[in-house]
1. Which of Val219, Val229, Val95 ends up with the largest GNM mean-square fluctuation for the chain, with Cα atoms connected below 10 Å?
2. Collect residues whose amide H, placed 1.01 Å from N in the peptide plane, falls under 5 Å from the amide H of Arg117; neighbours closer than 5 in sequence don't count.
3. Taking only C-alpha pairs under 8 Å that are 6+ residues apart, what is the relative contact order of the chain in percent?
4. Using a 10 Å Cβ count of at most 12 others and DSSP loop calls, identify the longest part of the chain lacking such trypsin sites (Lys or Arg not before Pro).
5. Considering every pair of different Cα atoms, what Kirkwood radius, in Å, is found for segment 150-267?
6. Could you work out the Kirkwood radius for the chain, taking every pair of different alpha carbons, averaging 1/r and inverting it, reported in Å?
7. Given springs between every Cα pair under 10 Å in a Gaussian network model of the chain, which of Phe216, Phe106, Phe168 has the largest fluctuation?
8. On the accessible surface of the chain, probed at 1.4 Å, how many percent belong to carbon and sulfur atoms?
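The values are calculated or read from the model by the stated rules, or taken from the named source; none is laboratory data. This is a predicted model, so every value here is computed, not measured. Cβ sites come from the backbone with ideal geometry, for glycine too, and all protein chains shown count toward neighbours. The area values use the complete protein model at the heavy-atom level, side chains included, leaving out ligands, DNA and RNA. Shrake-Rupley method; radii C 1.70, N 1.55, O 1.52, S 1.80 Å.
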Amino acid sequence: MDIVATAADQRTSGSAGPLSADERRLWALEALCDPLTIGVLARLRLPRQCNCLELGAGRGSIARWLATQCLHGSVLATDTDIHHLRRLREPNLTVVQHDVVDGPEFRQGAFGLIHSRALFTHLPDRDAVLSRVAGWLAPGGWLVVEEPILLPTGALLDPAVGDALTAFEHLMADALGSDFQWARNLPAALRAAGLAEVDVSGALAATSGGGAINEFWRVTLAHLSTDMVDAGLIDHITLRHALDRFNDPDYRDFTMAFVCAWGRSTS
């Protein structure tokens, strides 16, 4: 059964029909990461008057959660594509189209919390951008950054799945400069950006029949299939086998981890 076609997921999407491919990918990221994110944010004990910035807000699940927690503050949700954010209606939440690399600067010291997910992995000169973003924090404010790590593909139980994820990693590196190992040094990057009280947590995503990581890989690999094959990174038969494995309810393995690191501004 395709989990994104259920009535529950349709209600979550805020629409009457099935989710689009892009919404399915974003839904999968929410399902995988939101419990980790909310657990970290809750332990930071944000004041109810906190002004928050959500970078790369996706479908807005965390922006909405922050708006309910910081009722006397504000939430600014940004993304380069805000199509999926237009349904957000919280009175203290504002949606703005913004590119963290080339877009306008936010005011220094403007935010008590800045959160991002699966953003810096794909940015050129990501460490410099991270340091610039840290400057938007108010004294004592928190920067919370979540990024994926691809696990060693040669250790996967099915070689075809390993080949597909290797092709994906190489294609993203060539196209965007993405680095799916950068998050291993995320705590060090936060300290280099001048933040203190740095800590880190993580979650390991296990494949399962109908699970969110399966949906993420089904949508992502199908979307990039032509590009990966045309680039000579994988052949159609191997890719088809990998996609079949993500549709197999008995396939169990570990392909990706998510790292959540945070640090506090001292200036």
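1. Val229
2. The answer is Glu146.
3. 21
4. 108-251
5. Across segment 150-267, the inverse of the average 1/r is 15.6 Å.
6. The answer is 19.2 Å.
7. Of Phe216, Phe106, Phe168, the Gaussian network model singles out Phe106 as fluctuating most.
8. 53
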